[in-house]
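What follows is a single structure, written as structure tokens, with notes after it.
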Amino acid sequence: MLSDSNAIGSMPRMPWVKWGGAPEADFCKLFDLPEGIGFPECEKIINLLYQHHDILRLSIKNTDSGQLLWIPSEINFTALNSVSASSLSKLQLGSVIEVCKEKFRKSYGPLAWFIYCDAGIGIKSKLIVLLSHVIYDDYSIQVLLEDFYTLAKQIVTQQTLSLPLKTASYREWCFRVHKYLLSPQAKLDLEYYQALPWKHVQPMPFETLSANRQRGLVRHLVVTLSRLQTRQLLAGMRKYSKSIISTVCQTSMYRAIQKCFSLNNNPIIFANMVNTRVGVFDTVDTSRTIGPFCMRCDVLLNCSDFFDKVEVFKQIEMQMMKLPYEGKTYMWLRMLDNEIGWDNISKVGFNYLGPRLDNSRYTKNVDTKMRFRFSDSMYRYEDYASGNIDLTQGVNGSIMMDVVASMINGTLELDIAHLTDHYSETTMIAFGQELIEGLNEYCVS
């Protein structure tokens, strides 16, 4: 454990934080500010948000032992920066945002930035929000925006500034996770996952192409559902109460892979999403805590199951119920042992990145992208327990296929990036067609 774990602001070693260099502004969006909210008012709001949500103050601290995460007890940085956008076109404003992202990447200050954009007289000012993926999930974004606009409304209507009562701080929750990972229960849970037949998982297939092909060349294949098909897909999802579009996309992708690459009936890994806010530490209220609480949990399934869209969801739910804490601690344990999950070799298991694509109030109008990719990364449990984790090491991964799903103007679009030395164009076109057919099976008229 950290030698300074009791110092003010120090953080325990969290297994999902593998800091390998500069932070990235994974969330970067421009929001309109209400009338009556100028720079002074906006600065007051941002200061209150930094005070209310400790994770917004999370910074990278350079020490003799490497880079560590740190939450200062007070705001010791500029809470709100500003740029003048009154004479900028949309294209120029986009350039300003890119500059902000680059500055964010080079900074080791807070992993949340807020930048006020003065749009000029008679035009609504804007707010640029930049966040590292280390500090948020899709629900957290909604909490942050709700708190911001609540304070803005109170200022405009001249009310006393107040926010809902604080729930557990992110730092407090991290120490609870840390305590669990060093407990006898965590060792038992890890043994449970180690006993599952991970070694029988079907490896990710790829074609052996001719040696004269250019290695490393990336090709993009884009497949799209029409606006009508997208509406029908969303309507079809209502038949499965616990299902979300990310689950449907994964199922359809696995089915397309099975058809195009002739997988055997060995198990493959299905990356399911779980919410760690509830069901793990019932005495800790994180209902309005900002943080990365949305985690992935791998479930083993047979390829043949994907030909029955109802059965696959039943299997997922049944397996999740059998897991320790219904899989909510899996991601923490998986990152501490390379014998479980999809480590060592690339498998048919997508590492889910990004918010969910559904119609819940937590994601609507916030972010409409999700991402699946093949990669590998790990820490060993023994290293974590002894404190021998080098947090300066980055994630090493081999990307074989990268799929980004977006909701654009009411249509679902999937951009499939792949390496030409792994897959031929003919195979990928067939893969795209099978993917669309699989999605269409979930559509209802």
**OP:** Scan segment 409-445 for residues that are of a type in the set (A, V, I, L, M, F, W, C) and at pLDDT 80 or above and jot them down.
**Re:** 412, 414, 416, 428, 429, 430, 431, 435, 436, 439, 443
Original post:
out of contact with any helix residue (DSSP H, G or I) (no Cβ under 7 Å at 6 or more places or on another chain), surrounded by fewer than 20 Cβ atoms within 10 Å (Cβ to Cβ) and in a loop (DSSP other than H, G, I, E, B), is that true of residue 185?
Top reply: no
**OP:** Return the total of residues in segment 127-151 being buried (at least 20 other Cβ atoms within 10 Å of the Cβ) and more than 19 Å from the chain's Cα centre (by Cα).
**Re:** 4
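Name the residue that is modelled with the highest pLDDT, counting only residues in segment 1-48 that are of a type in the set (Phe, Trp, Tyr) and part of a strand (DSSP E or B). Reasoning before the result, please.
Kept after step one, since they are of a type in the set (Phe, Trp, Tyr), are these residues of segment 1-48: 16, 19, 27, 31, 39.
Next cut, part of a strand (DSSP E or B) only: 27, 31.
On the way: 27: 84, 31: 89.
Step by step, filter segment 1-48, then rank; the result is 31.
Within segment 219-267, how many residues turn out to be of a type in the set (Lys, Arg) and either buried (at least 20 other Cβ atoms within 10 Å of the Cβ) or at pLDDT below 75 (or both)? Walk me through how you get there before you give the answer.
So in segment 219-267, the residues of a type in the set (Lys, Arg) come out as 219, 227, 231, 238-239, 242, 255, 259.
Then drop every residue that is not either buried (at least 20 other Cβ atoms within 10 Å of the Cβ) or at pLDDT below 75 (or both), which leaves 238-239, 242, 255.
So the count comes out to 4.
Inside segment 23-38, can you point out the residues that are of a type in the set (A, V, I, L, M) and either without any contact (Cβ under 8 Å) to a residue 40 or more places away in the chain or surrounded by fewer than 17 Cβ atoms within 10 Å (Cβ to Cβ) (or both)?
Of the residues in segment 23-38, the ones of a type in the set (A, V, I, L, M) are 25, 30, 33, 37.
30 - this is the single residue of segment 23-38 that is of a type in the set (A, V, I, L, M) and either without any contact (Cβ under 8 Å) to a residue 40 or more places away in the chain or surrounded by fewer than 17 Cβ atoms within 10 Å (Cβ to Cβ) (or both).
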Original post:
Filter segment 115-158 for residues that are under 20 Å from residue 169 (Cβ atoms) and among the aromatic types (Phe, Trp, Tyr); which is modelled with the lowest pLDDT?
Top reply: 139
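Out of segment 155-182, which residues are polar (S, T, N, Q) and surrounded by fewer than 14 Cβ atoms within 10 Å (Cβ to Cβ)?
Passing the criteria: 157, 158, 159, 160, 162.
The values are calculated or read from the model by the stated rules, or taken from the named source; none is laboratory data. Everything numeric in this text was worked out from a predicted model, so none of it was measured. In this analysis, Cβ positions are derived from the backbone assuming ideal geometry, glycine residues included, and neighbour counts consider all displayed protein chains.
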